[in-house]
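Participant: The structure is given below, and queries will be raised subsequently.
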């Protein structure tokens, strides 16, 4: 069993109104020492695979086809083998 | 400068239809070896603070008050000091 941890974020060139609203609200409420806000999506997938490389290849395809919009978003991920109870 | 990396996820007892839709779609498209999907939110805040402990205290308060709905969501975060160019 493998666990994939996937981060999907907007490309830096894409305006993110949600992050802007959070930063404006923080400033208005007195947390004006926060200078940058990034808002992204986080996914965890648990999957079976023949080997680490096969799991990574499948996760990359799933990100590319389903989880990220590659026109406006970038993704990165890690795949770890999970400890299995004997 | 400190960078906070924040994960906000539904509590395990809360149904997550978005995760269910992703898992169903993966199964339908042939990726039926994916046994669990978690969908969460990811935030990065860049902030100044007097010390690590002060930064962590402030980030915990921001999560509690703004970024997470503590009735249905849990949050966890890490705070790291950022390397500053001399």
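Where a number appears in this text, it was derived from the coordinates with a stated rule and is not lab data. Not measured: the values here are computed from a predicted model. As a convention, Cβ positions derive from the backbone with ideal geometry for all residues, glycine included, and neighbour counts pool all protein chains shown.
Participant: If you put a point 7 Å past Cα along the Cβ direction, how far is that point for residue A:24 from the same point in each other copy, in nm, smallest first?
Facilitator: Residue A:24 label point versus its equivalents elsewhere: 3.6 nm.
Participant: Just to confirm the numbers: residue B:82, label point 7 angstrom along the Cα-Cβ line, distances to the other copies in nm, shortest first?
Facilitator: Shortest to longest, the spacings are 3.5 nm.
Participant: If you build the convex hull over the alpha carbons only and average its shadow over all orientations, what do you get for the protein assembly as shown? Give it in nm² to one decimal.
Facilitator: The orientation-averaged projected area of the Cα hull of the protein assembly as shown comes to 12.7 nm².
Participant: Still on this structure: For the stretch A:1-66 and the stretch B:14-86, write down the distance between their C-alpha centroids in whole Å.
Facilitator: 9 Å
Participant: I've got another one for you. Subtract the Cα-Cα distance of residue B:15 and residue B:69 from 0.36 nm times their separation in residues, and report this length gain in nm to one decimal.
Facilitator: Computed gain between residue B:15 and residue B:69 is 18.0 nm.
Participant: Separate question: Quick check: the angle from helix B:17-28's long axis to the longest principal axis of chain B, C-alpha only, nearest 10 degrees?
Facilitator: Approximately 50 degrees, to the nearest 10.
Participant: I would also like to ask the following. When the convex hull of the Cα atoms of the stretch A:2-81 is projected onto a plane and the area is averaged over all directions, what value comes out in nm²?
Facilitator: Average of the hull's projected areas for the stretch A:2-81 equals 6.3 nm².
Participant: Let me ask something additional. Can you name the residue in chain A whose Cβ lies closest to the A-to-B rotation axis, and give that gap in whole Å?
Facilitator: A:42, 2
Participant: Using a Förster radius of 35 Å, what is the FRET efficiency between residue B:56 and residue A:61 based on their Cβ-Cβ separation? Nearest 0.05, please.
Facilitator: 0.40
Participant: Using alpha carbons only, how many degrees (0 to 90, rounded to 10) separate the axis of helix B:52-62 from the longest principal axis of chain B?
Facilitator: On a 0 to 90 degree scale, this one is about 50.
Participant: When each copy gets a label point 7 Å from Cα toward the beta-carbon at residue A:50, what are the spacings between them in nm, shortest first?
Facilitator: From this label point to the equivalent ones elsewhere in the assembly: 6.0 nm.
Participant: Then there's this: Return the average number of partner chain Cβ atoms within 10 angstrom of each residue Cβ along peptide A:30-42.
Facilitator: Partner Cβ neighbours, averaged per residue: 6.
Participant: Can you sort A:37, A:70, B:84, B:59 from fewest to most other Cβ atoms within 10 Å of each residue's own Cβ?
Facilitator: Least crowded to most crowded, the residues run B:84, A:70, A:37, B:59.
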